[in-house]
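Scroll down for the structure; my scribbles are underneath it.
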Amino acid sequence: MQLAIDTTDLVLTVLVAIGALQLAWFSVLLARKGIRAERIQQLVRPPLAIWVLFWPVYAHPLWIWAGLIALSLPVLLGLTSKRPFWLKLLHAWSTPAHLRGPFPPYMLPQIAFLAALAIAIAFFLSIPEFGLGLGLSLCLALTGADILDSLGKFRLGFPLHPEQTLPGHLLLILLCTLTLSWSIHVYHGIDWRPSLIATLIAGIVASIARAITPGMLHQATSVMMMGVTLWLL
């Protein structure tokens with residue numbers, strides 16, 4: 001039985017590594033077709049929600065860190081390798097100048113995203129019903145908000161993030177509320193409607209954190225503040 005459990009975790013890790021390489025290949029393919037780096041990054045993150053949904057399947061949840069390391073490998077190769085493929089990936093996952101804030105150019109959006117994912121994993125290992133929802137919110141809600149912001153409708157004009165829009169923030173709050181409530185429902189088997197008030201507050205806190213945190217760190221800050229808010233409530 002122990003061998004079967006270890007094999008399951010190992011297989012999941014291998015699948016994550018293969019998925020990371022596929023996302024890298026897909027990113028380079030889009031970059032060669034002239035797709036903007038920001039749009040590429042928006043497209044490659046939502047599929048990672050599939051991996052987040054597998055977190056409860058791990059027999060030994062600490063193996064989730066191995067999956068995060070596997071996701072980090074393309075970033076490391078992009079930063080260190082001089083081969084054309086990895087240089088193109090570095091361009092596809094580069095940080096737009098207006099989003100760098102105080103950080104140097106090599107502070108890739110993917111690094112900021114992986115840092116936020118690490119926070120969600122840490123919450124999952126201690127409070128699974130919160131961590132699962134945080135991981136899904138990161139992949140779906142925060143990315144969905146970025147996609148709506150790219151349309152440029154009803155910009156809010158925040159000093160640190162002038163590109164953020166009202167529809168993006170409303171979508172963020174809605175998806176965070178739903179994913180966090182669903183996660184609590186999955187783990188406790190209770191009607192998820194009573195938790196909507198608490199998760200709505202967490203979503204609003206994430207929206208505020210996203211607006212006032214400089215650079216790409218708003219993802220990690222939003223995830224952290226959602227987790228802390230749920231823990232306090």
Compute the label zone of H188 within region 130-167: residues whose backbone N is under 18 Å from the point 7 Å along Cα-to-Cβ. 130-135
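Under a 1.4 Å probe, what is the accessible area of the chain per residue, stated in Å²? Don't skip to the answer; put the middle values down first.
On the way: 11270 Å² over 233 residues.
Here the residues of the chain average 48 Å² of exposed surface.
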Looking at the square roots a ≥ b ≥ c of the eigenvalues of the Cα gyration tensor of region 177-218, which shape do they give, rounded for a/c under 1.5, prolate if a/b is larger than b/c, or oblate? prolate
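From the square roots a ≥ b ≥ c of the eigenvalues of the alpha-carbon gyration tensor of region 104-233, which class results: rounded (a/c under 1.5), prolate (a/b over b/c), or oblate?
Values: a/c = 2.19, a/b = 1.43, b/c = 1.53.
Cα axes put region 104-233 in the oblate bin.
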Which whole DSSP H helices in the chain pass both tests: a Cα extent of 20 Å or more along the axis and a mean Kyte-Doolittle value no lower than 1.6? 64-80, 109-126, 196-212
Rotationally averaged projected area of region 1-93 (alpha carbon convex hull; nm²): 6.1
Protein accessible area in region 119-233, 1.4 Å probe - carbon and sulfur %: 76
When the solvent-accessible surface of protein heavy atoms is calculated with a 1.4 angstrom probe, in what order do I201, I119 fall, highest first? I201, I119
Per-residue accessible area, 1.4 Å probe, largest first, puts E129, E38 in the order E38, E129
Largest-first principal axis extents of the Cα set of the chain (Å): 50, 49, 27
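In whole percent, and with a 1.4 Å probe on the protein chains, what portion of the accessible area of region 1-90 is carbon and sulfur?
Working: 3730 of 5090 Å².
Whole-percent figure for carbon plus sulfur exposure: 73.
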Using only helices, what value at 222 nm comes out for the chain when you add -39,500 (n - 2.57) per DSSP H run of length 4 or more and divide by the total residues, to the nearest 500 deg cm²/dmol? -22500 deg cm²/dmol
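At 1.4 Å probe size, put L160, L180 in order of accessible surface, largest to smallest. Please list the in-between numbers first.
Values: L160 85, L180 0 Å².
Highest to lowest solvent-accessible surface, that is L160, L180.
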I'd like to know which of L166, L232, V205 lies farthest towards the positive end of the charge dipole of the chain, counting +1 on Cβ of Lys and Arg and -1 on Cβ of Asp and Glu. L166
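The values are calculated or read from the model by the stated rules, or taken from the named source; none is laboratory data. This is a predicted model, so every value here is computed, not measured. Positions of Cβ are backbone-derived with ideal geometry, glycine not excepted, and every protein chain shown enters the neighbour counts. Only protein heavy atoms, including side chains, enter the accessible area calculation; ligands, DNA and RNA are left aside. Shrake-Rupley method; radii C 1.70, N 1.55, O 1.52, S 1.80 Å.
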